[in-house]
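K.L.:
Can you keep this structure in mind? I'll have questions shortly.
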Amino acid sequence: HNVLVINGPNLNRLGLRQPHIYGSQTLDEIIESLTQKAESLNIALDHFQSNAEHELIDRIHQASEKTDFIIINPAAFTHTSVALRDALLSIDVPFIEVHLSNIHSREPFRHHSYLSDIAEGVICGCGPQGYAMALDAAAHFLAQNN
Ligand code: DQA
C-alpha cells in the first residue's frame with residue numbers, strides 16, 4: 001500500500017518554530033522515523049510539504065492515481081481553506097487529519113477545521129507521535145478495506 005503524508009505551511013520550520021508548542025523535532029526527523037515505521041508495516045511512504053496552497057491542492061489531485069491513504073497536517077490552511085477541502089472531496093482517497101498541538105486548547109480561530117467532518121479520523125495534541133498513530137490507523141484501515 002501507498003500512504004502519502006502531506007504537511008502544510010510553516011511545518012518546514014518545525015524544531016525552530018515555537019518549540020514550546022510544536023516540540024524540538026524537525027520535519028526531516030519526523031518523516032525519517034515515520035518512513036522506518038512504514039517499512040515495518042509494509043507500506044510505501046511518500047512525503048510532500050509546501051507553503052503554497054495551490055501546490056498542496058495539485059499534490060492532492062495527483063494522489064488520485066496511486067495513493068491508498070493520506071495523512072495530512074494542513075497547518076494554518078485547516079482553519080481557512082475551502083479549496084483544500086474541495087481538493088480532498090475531489091479524490092476518492094481516505095485521509096486522517098493530524099495536528100501536533102491540541103487546536104481545541106488554543107485560540108478560538110483554531111477550533112474550527114474545514115476538513116475534520118470529511119476525515120476518516122482526526123488526531124491532535126499528541127505531538128510528532130500523532131503521525132505514527134495516524135500511520136497505525138491507516139495500516140489498520142487498509143488491512144480492513146482491501
Ligand atoms: C498545526 C495547528 C495549526 O493551528 C497551526 O496553524 C499550524 C500547525 C499543528 O500541527 O498543531 O501551523 O496544524
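Every number here is computed from the coordinates shown, using simple stated rules; none is lab data. Note that the structure is a prediction, hence the values are computed from the model and not measured. Here Cβ is always computed from backbone atoms with ideal geometry, including for glycine, and neighbour counts include all displayed protein chains.
K.L.:
Suppose we filter the stretch 1-11 for residues that are more than 21 Å from Ala38 (Cα to Cα) and polar (S, T, N, Q); how many remain?
P.N.:
Total satisfying the criteria: 1.
K.L.:
Search the stretch 71-84 for residues that are farther than 22 Å from Asp46 by Cα and pair each with any residue that is within 6 Å of the ligand (Cβ to nearest atom) when their beta-carbon atoms are under 8 Å apart and the residues are at least 6 apart or on different chains.
P.N.:
Hits for this filter: His79/Arg110.
K.L.:
From (1) within 15 Å of the ligand (Cβ to nearest atom); (2) surrounded by 14 or more Cβ atoms within 10 Å (Cβ to Cβ); (3) not hydroxyl-bearing (Ser, Thr, Tyr), pick out the condition that doesn't hold for Phe109.
P.N.:
Just one mismatch for Phe109, condition (2).
K.L.:
Filter the stretch 1-41 down to the residues that are of a type outside the set (S, T, N, Q), within 16 Å of the ligand (Cβ to nearest atom), closer than 23 Å to Asp136 by Cβ and assigned to a loop (DSSP other than H, G, I, E, B) and list them by number.
P.N.:
Gly8, Leu14, Gly23
K.L.:
Taking only pairs six or more apart or across chains, which ones have beta-carbon atoms under 8 Å, a first residue in the stretch 18-33 that is of a type in the set (S, T, N, Q), and a second residue that is surrounded by 17 or more Cβ atoms within 10 Å (Cβ to Cβ) and in a helix (DSSP H, G or I)?
P.N.:
Final answer for the pair search is Ser33/Ala132.
K.L.:
Follow-up question, since we're still on this one. Picking from Leu34, Leu16, Leu27, which residue would you name as being of a type outside the set (Phe, Trp, Tyr) and under 17 Å from Asp68 (Cα atoms)?
P.N.:
Leu34
K.L.:
Just name the residue that is nearest to the ligand (Cβ to nearest atom) out of those in the stretch 90-102 that are farther than 13 Å from Gly127 by Cβ and β-branched (Val, Ile, Thr).
P.N.:
Going residue by residue through the stretch 90-102, those that are farther than 13 Å from Gly127 by Cβ are 90-97.
Still in the running and β-branched (Val, Ile, Thr): 91, 93, 96.
On the way: Ile91: 21, Val93: 20, Ile96: 13 Å.
Per the criteria, the residue is Ile96.
K.L.:
Between Asp117, Asp86, Asp46, which is among the acidic types (Asp, Glu) and in contact with a strand residue (DSSP E or B) (Cβ under 9 Å, 6 or more places away or on another chain)?
P.N.:
None of the other options fit; the residue is Asp46.
K.L.:
Right, something else. For Asp117, only one of the following conditions fails: (1) free of Cβ contacts under 8 Å to residues at least 60 places away in the same chain; (2) within 10 Å of the ligand (Cβ to nearest atom). What is its number?
P.N.:
(2)
K.L.:
Next up: Go through the stretch 48-85 and give me each residue that's within 17 Å of Ile123 (Cβ to Cβ) and not in a helix (DSSP H, G or I).
P.N.:
Those that are within 17 Å of Ile123 (Cβ to Cβ) and not in a helix (DSSP H, G or I): Phe69, Ile70, Ile71, Ile72, Asn73, Pro74.
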